[in-house]
Amino acid sequence: MRHKKQDCDWKGNKKECPYILDDYKYSFWGWVLLSIGISAKPTRLIRSCSKCHEKIEDIKDNEKLMAHIGR
């Protein structure tokens, strides 16, 4: 059974939303590095609101992803 989307109080200003979740995606070798304790650059970052499930950002740019190494 699917959960209903909840109304979010932060619709107008999603960048400041306290419910934002970062979902990092890694390549196979990225996961290998992470599993042995070495930091790896994600291949993609999806930021979404955990309350209303709205996707806020989908970052694939290498320069922006470099700031997320080791998180």
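Which whole-number value in Å² is the accessible area per residue of region 18-71, probe 1.4 Å?
That works out to 68 Å² per residue.
Of the accessible area of region 21-67, with the probe set at 1.4 angstrom, what percent is carbon plus sulfur?
56
The values are calculated or read from the model by the stated rules, or taken from the named source; none is laboratory data. Treat the numbers as computed from the prediction; the structure is a model and nothing was measured. The accessibility values were calculated without ligands, DNA or RNA, using every heavy atom of the protein model including side chains. Shrake-Rupley method; radii C 1.70, N 1.55, O 1.52, S 1.80 Å.
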